[in-house]
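Values quoted throughout were computed directly from the atomic coordinates according to the rules given, and no laboratory measurement underlies them. Remember, it's a predicted structure, so these values are computed and weren't measured experimentally. Because the Cβ atoms are built from the backbone with ideal geometry, glycine has one as well, and the counts that use them run over all protein chains shown.
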Amino acid sequence: MDAMRKQLDVLMGANRNGDVRKVNRKYYDRDVCRLYLSGLCPHELF
C-alpha cells in the first residue's frame, strides 16, 4: 500500500487529494487583481 502511495505522489504530486492549506493573501499582494475584486477587470472584457 505504501508503494502505491509513493508512486501516486511521484505521478500526481503530493497534493493529489486536494488538501491544500488555506492561503493568506492581502489586498496589497502583487498576485491579487484589485480590478477583478471591484468588478472592472479588463482581462475578462477581452
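So for Asp29, Asp2, Asp9, fewest C-beta neighbours within 10 Å to most, what's the order?
Asp2, Asp29, Asp9
Tell me the label only: which of (1) 1.22; (2) 1.91; (3) 1.15 is Cα Rg over 2.2 N^0.38 Å as calculated from this structure?
Computed from these coordinates, Cα Rg over 2.2 N^0.38 Å corresponds to label (2).
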